[in-house]
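Step one of this worksheet: look at the structure below.
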Amino acid sequence: MKVLMFGWEFPPFKSGGLGTACYDLTKGLSSQDVDVTFVMPYAPKDAKADFVKIIGTNNLSKNIKIKSVKTILTPYQTFESYNEVLVSKKLSGTSDKKEAYGKNLYEEVQRYSLIAAEIAKESSCDVIHVHDWMTYKAGIIAKQITGKPLVAHIHATEFDRTGGNPNQIISHIEFEGLQAADVVIANSNWTKQNVINSYKIDPNKIEVVHWGIDNNNPYYGLNQASPFQDEKIILFLGRITIQKGPEYFVKMARKVVDFVPNTKFVVAGSGDMFEHMVNMAVDYGIADKFVFTGFLKGADVHRAFQMAHLYVMPSVSEPFGLVALEALKNNTPIMISRQSGASEVINHAFKVDFWDVDEMANKAVNILLHPELYEELKENSYRESAKFNLEEPARKTKAIYEKAIQLIR
């Protein structure tokens, strides 16, 4: 089976969990005899992986004309009207090679979609698979050209990312892609329900595939020791955005230090709520208890998990939460919000509502003050991590490809 897959990130060129998810899925699919060509906006010329063919559209000898206009109405235009306005320029690569999302994301999405048409003309695929809204237009165009079934993967809706205040152009693109798809893959039942509620997509069209994790990652064996000698560490790792609930983490921290004053709160990540998070810590008088590392990648992510006594994921709306599986595999006890896909499949974890900072603090204090509880949760959660692998989600995804092929015959 041959799959033409459109994605926005692929390690090491990535900015978050989407890239990791695509990497793991394509690696798993290779074990299921699925041949994947992965198309992304930018990739170094020598980018490659043993299990997938990678195409960076920046490396193609195409001059794509993109018409744009500087107006407050631009975000509300359709792609068709976007192509009809008066100002024209040429883009031969991404807007900014150092950033996966470029300086002008709308423009980059449009460029990428137009180049997708050229790639689709030369493709001999059986299925087209697209990941999140940035690639949906590319998938629609590729489907029109090839006549092949379209599978739209939704990792997070625009409603998840914005706390229920969606950007209208993004939510419209998301809607168009989900409507055009023959099958939609959601990474949890939580996401599936959000798609149904937000976009009125037929539930029978949506298949749920929970994420797995690569058990062969060598970073799991680093056994990183904490640099904080006699202090407990509670970790927040992820984008510092409204979706991830950073303010609830700080509110919890304020309560925890009253009972366990020798606690450090390590925040690994970056995002638009970083300054707000810092200011909250200062206002609460606990800034000296916080360590902000910035964005981490590679081995440093795993080192952060391994030195922590507890990983907290207080997400307001978390479609899945792959980092929760990474924490388990790094032998780190976890506390996750019930408003997450990970909570559907993980048994050995503290589960709380994201807004219930009293309960979060209570559970955190208990695990820090009671070594027996800490060791039990650590042992059981690590044992549970063995059930998460790359083969199972790949097997389910291949079955969805077969379903999509049958639907258009």
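The values are calculated or read from the model by the stated rules, or taken from the named source; none is laboratory data. Worth saying up front: this structure is predicted, and the values here are computed from it rather than measured. Here Cβ is always computed from backbone atoms with ideal geometry, including for glycine, and neighbour counts include all displayed protein chains.
See the values below:
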item	result
Residue check for Arg338: surrounded by fewer than 21 Cβ atoms within 10 Å (Cβ to Cβ), touching a strand residue (DSSP E or B) at 6+ places or on another chain (Cβ under 6 Å) and either outside the structural domain of Leu25 (by TED's automatic domain parsing) or under 23 Å from Ser188 (Cα atoms) (or both)	yes
Among (1) over 16 Å from the mean Cα position of the chain (by Cα); (2) closer than 21 Å to Ala404 by Cβ; (3) small (Gly, Ala, Ser) - the single one Ser188 does not satisfy	(1)
Among residues of the range 341-365, those that are surrounded by 24 or more Cβ atoms within 10 Å (Cβ to Cβ) and more than 26 Å from Asn262 (Cα to Cα), counted	2
Every residue from the range 115-131 that is modelled with pLDDT of 95 or more and closer than 18 Å to Glu176 by Cα	Ile128, His129, Val130, His131
Filter pass, Lys297 being basic (Lys, Arg), touching a strand residue (DSSP E or B) at 6+ places or on another chain (Cβ under 6 Å) and under 20 Å from Ser226 (Cα atoms)	no
Of all residues making up the range 159-196, the number that are without any contact (Cβ under 8 Å) to a residue 40 or more places away in the chain and in contact with an Asp or Glu (Cβ under 8 Å, 6 or more places away or on another chain)	4
Filter pass, Ile169 being more than 30 Å from Val291 (Cβ to Cβ), crowded, with 16+ Cβ neighbours inside 10 Å, among the β-branched types (Val, Ile, Thr) and touching a strand residue (DSSP E or B) at 6+ places or on another chain (Cβ under 6 Å)	no
Residue match in the range 269-290 (condition: of a type outside the set (D, E, K, R), under 30 Å from Leu390 (Cβ atoms) and modelled with pLDDT of 95 or more)	no
Test for Gln306: is it in contact (Cβ under 8 Å) with a residue 12 or more places away in the chain, farther than 27 Å from Val195 by Cα and either assigned to a helix (DSSP H, G or I) or assigned by TED's automatic domain parsing to the domain that holds Pro12 (or both)	yes
Members of the range 113-134 found to be closer than 26 Å to Asn187 by Cβ, in contact with a strand residue (DSSP E or B) (Cβ under 8 Å, 6 or more places away or on another chain) and not polar (S, T, N, Q), listed by number	Ala116, Ile119, Ala120, Cys125, Asp126, Val127, Ile128, His129, Val130, His131, Asp132
The range 111-156, residues that are of a type in the set (S, T, N, Q) and either without any contact (Cβ under 8 Å) to a residue 24 or more places away in the chain or surrounded by 21 or more Cβ atoms within 10 Å (Cβ to Cβ) (or both)	Ser113, Thr135, Gln144
Selected residue [closer than 23 Å to Tyr23 by Cα and either in a loop (DSSP other than H, G, I, E, B) or at pLDDT below 95 (or both)] from Phe354, Phe320	Phe320
The range 325-382, residues that are of a type outside the set (Lys, Arg), touching an Asp or Glu at 6+ places or on another chain (Cβ under 8 Å) and farther than 26 Å from Asn216 by Cβ	Ser337, Gln339, Val352, Asp353, Glu359
In the range 367-384, the residues that are hydroxyl-bearing (Ser, Thr, Tyr) and surrounded by fewer than 21 Cβ atoms within 10 Å (Cβ to Cβ)	Tyr374, Tyr382
Of residues in the range 387-400 being assigned to a helix (DSSP H, G or I) and in contact with a helix residue (DSSP H, G or I) (Cβ under 9 Å, 6 or more places away or on another chain), the one farthest from Ala327 (Cα to Cα)	Lys398
Verdict on Asn380 being outside the structural domain of Thr146 (by TED's automatic domain parsing), in a helix (DSSP H, G or I), closer than 24 Å to Val250 by Cβ and not β-branched (Val, Ile, Thr)	no
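Each row is one residue, and each column tells you yes or no for (1) part of a helix (DSSP H, G or I); (2) of a type in the set (A, V, I, L, M, F, W, C).
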{"position": "Ala327", "(1), (2)": "yes, yes"}
{"position": "Ser343", "(1), (2)": "yes, no"}
{"position": "Asn347", "(1), (2)": "no, no"}
{"position": "Met360", "(1), (2)": "yes, yes"}
{"position": "Asn366", "(1), (2)": "yes, no"}
